[in-house]
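To start, the structure under review is shown below, and the notes come after it.
The values are calculated or read from the model by the stated rules, or taken from the named source; none is laboratory data. As the structure is a computational prediction, the values presented were derived from the model and not from experiment. Cβ placement follows ideal geometry from the backbone for every residue including glycine, while neighbour counts extend to all protein chains displayed.
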């Protein structure tokens, strides 16, 4: 098969694009997958060649063929001007901030942001002289009232981390661009397959590729996609100056995961919705937080802007003591208790974000648990949770 250009890929449908993206068997000795290329030093054949430095790779920190293949595959899905790959999802959240903010600038951040991003903003950015303010994730176009003359960045995340508020990204982006600010979005929940963030006005789109890109709970990786060539150059320059290289083995594993991502997302979306609806009917559950449920407060925005939903959502239990929650989660057979998601296995994670929100109050009225649905049989998952609810009631 011949290599298909980025422009040529546009004639294909989504699943075909994901299978072909970043592949060039002619450049890989005929092998289907790009080989793992390890290396630090690049040698030159002459002094003139060294002085000109026109080769694609001048040193290992400038990339390698394996990383290039991953960048091209991600860029095909994102539809932007270019992608950089980072060794963790957290660095993918922080790198664009370092690329766009300077001392004296002001940034607006959604109050429902991923907590490590908040920690970076509160510590590193403030130490660098950047002013950070938080806003209600449901503010929409009302965010204009919060802009200052020095507001340079608006950070968004939809749905919100743990609490799943849906932000009106197009409305926020329109206001931000009116004021000359850059819009950054953590789009990990929906991935580019279910939300075209650049089309909605997002300038820098983040993926914690650890989740659905890699998909097998064995890689730490992140990506940032730039909407315009100018922003890509700015982002790429920051990436190069920081030396944030990704191990070629991790790039290879992520590429392998991407090939099946549409299939996994489709199955996990279906299973996630089935489990969410089942949990809605449980007497122990006060509320299910899932934007794709018709009675969810964010459903209208999700339906308008998104083409699908991932398998991550949260539930609020009716008030029960801590020992009852522990009895519920401690002895689950199929749900592990862990902080990540997006892999093939199901997970639960109790949380309470009331202690670190600053402009919105989190008063759910009961214990909260974030749930990720993997690729297990949903009937087995229901039986596992049903047994957990039996333990919960016995511990009351």
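Starting from residues that are touching a residue at least 12 places away in the same chain (Cβ under 8 Å) and more than 21 Å from the chain's Cα centre (by Cα), keep the ones in the range 235-247 and report whichever is nearest to residue 40 (Cα to Cα).
To start, the set of residues in the range 235-247 that are touching a residue at least 12 places away in the same chain (Cβ under 8 Å) comprises 235-240, 242-247.
So of that shortlist, the ones also more than 21 Å from the chain's Cα centre (by Cα) come out as 237, 240, 242-243.
Working: 237: 19, 240: 14, 242: 16, 243: 12 Å.
Out of the qualifying residues, it is 243.
Restricting to the range 307-342, name every residue that is surrounded by 14 or more Cβ atoms within 10 Å (Cβ to Cβ), out of contact with any strand residue (DSSP E or B) (no Cβ under 8 Å at 6 or more places or on another chain) and over 21 Å from residue 284 (Cα atoms).
Matches in the range 307-342: 308, 309, 310.
Take the range 120-169 and flag every residue that is in a helix (DSSP H, G or I) and within 19 Å of residue 296 (Cβ to Cβ). Steps first, please.
If we filter the range 120-169 for residues that are in a helix (DSSP H, G or I), which is where we start, we get 120-127, 140-146, 169.
The answer is 140, 169.
Give me a count of the residues in the range 220-238 that are closer than 18 Å to residue 69 by Cα and surrounded by 24 or more Cβ atoms within 10 Å (Cβ to Cβ).
Within the range 220-238, the subset closer than 18 Å to residue 69 by Cα is 220-226, 232, 236.
Keeping just the survivors that are surrounded by 24 or more Cβ atoms within 10 Å (Cβ to Cβ) gives 221-226.
Count: 6.
Return yes when residue 380 is surrounded by 15 or more Cβ atoms within 10 Å (Cβ to Cβ), assigned to a helix (DSSP H, G or I) and at pLDDT 95 or above and no when it is not. Walk me through how you get there before you give the answer.
On the way: surrounded by 15 or more Cβ atoms within 10 Å (Cβ to Cβ): no; assigned to a helix (DSSP H, G or I): yes; at pLDDT 95 or above: yes.
Taking the combined requirement at face value, the residue does not satisfy it.
Against the condition in contact with a strand residue (DSSP E or B) (Cβ under 8 Å, 6 or more places away or on another chain) and modelled with pLDDT under 95, how does residue 67 come out, does it pass?
Numbers: in contact with a strand residue (DSSP E or B) (Cβ under 8 Å, 6 or more places away or on another chain): yes; modelled with pLDDT under 95: yes.
Judged against the criteria, residue 67 is a match.
Out of everything in the range 239-272 that is more than 30 Å from residue 36 (Cβ to Cβ) and out of contact with any strand residue (DSSP E or B) (no Cβ under 9 Å at 6 or more places or on another chain), what residue ends up being surrounded by the most Cβ atoms within 10 Å (Cβ to Cβ)? Break it down into steps so the answer makes sense when it comes.
Step one: filter the range 239-272 for residues more than 30 Å from residue 36 (Cβ to Cβ), giving 269-272.
If we keep only those that are out of contact with any strand residue (DSSP E or B) (no Cβ under 9 Å at 6 or more places or on another chain) too, we end up with 269-271.
Values: 269: 17, 270: 15, 271: 19.
So the residue we want is 271.
Got a number for residues in the range 139-154 being surrounded by 15 or more Cβ atoms within 10 Å (Cβ to Cβ) and free of Cβ contacts under 8 Å to residues at least 40 places away in the same chain? Explain how you work it out, then say what you get.
First, the residues of the range 139-154 that are surrounded by 15 or more Cβ atoms within 10 Å (Cβ to Cβ): 139-140, 143-144, 146-147, 151-154.
Those left that are additionally free of Cβ contacts under 8 Å to residues at least 40 places away in the same chain: 139-140, 143-144, 146-147.
Summing the residues that are surrounded by 15 or more Cβ atoms within 10 Å (Cβ to Cβ) and free of Cβ contacts under 8 Å to residues at least 40 places away in the same chain in the range 139-154 gives 6.
Among the candidates 184, 245, 206, single out the residue that is under 16 Å from residue 101 (Cα atoms) and either at pLDDT below 95 or not in a helix (DSSP H, G or I) (or both).
Numbers: 245 fails: under 16 Å from residue 101 (Cα atoms); 206 fails: under 16 Å from residue 101 (Cα atoms).
After applying the criteria, what remains is 184.
So is residue 213 touching a strand residue (DSSP E or B) at 6+ places or on another chain (Cβ under 7 Å), modelled with pLDDT of 95 or more and not in a helix (DSSP H, G or I) or not?
yes
Just wondering, is there one or more residues in the range 97-107 that are assigned to a strand (DSSP E or B), in contact (Cβ under 8 Å) with a residue 12 or more places away in the chain and crowded, with 23+ Cβ neighbours inside 10 Å? Please lay out each step first, then the result.
Step one: filter the range 97-107 for residues assigned to a strand (DSSP E or B), giving 106-107.
In the following step, the residues that additionally are in contact (Cβ under 8 Å) with a residue 12 or more places away in the chain were identified as 106-107.
Filter once more, so that each one left must be crowded, with 23+ Cβ neighbours inside 10 Å: 107.
So far as the range 97-107 goes, yes, one or more of its residues are assigned to a strand (DSSP E or B), in contact (Cβ under 8 Å) with a residue 12 or more places away in the chain and crowded, with 23+ Cβ neighbours inside 10 Å.
Quickly run through the range 301-315 and pick out the residues that are in contact (Cβ under 8 Å) with a residue 40 or more places away in the chain and part of a helix (DSSP H, G or I). Give the steps one after another, and end with the answer.
Residues of the range 301-315 in contact (Cβ under 8 Å) with a residue 40 or more places away in the chain: 301-302, 305-315.
If the condition is that a residue be in contact (Cβ under 8 Å) with a residue 40 or more places away in the chain and part of a helix (DSSP H, G or I), then 301, 302, 305 are the ones that fit.
Test residue 194 against the criterion of being farther than 14 Å from residue 109 by Cα, surrounded by 23 or more Cβ atoms within 10 Å (Cβ to Cβ) and modelled with pLDDT of 95 or more, and give yes or no. Spell out how you get there, then give the answer.
Working: farther than 14 Å from residue 109 by Cα: yes; surrounded by 23 or more Cβ atoms within 10 Å (Cβ to Cβ): no; modelled with pLDDT of 95 or more: yes.
No; evaluated as a whole, the condition is false for this residue.
Residues to consider are 164, 195, 155; find the one that is closer than 30 Å to residue 249 by Cα and in the same structural domain as residue 103 (by TED's automatic domain parsing).
On the way: 164 fails: closer than 30 Å to residue 249 by Cα; 155 fails: closer than 30 Å to residue 249 by Cα.
Every option except 195 fails the conditions.
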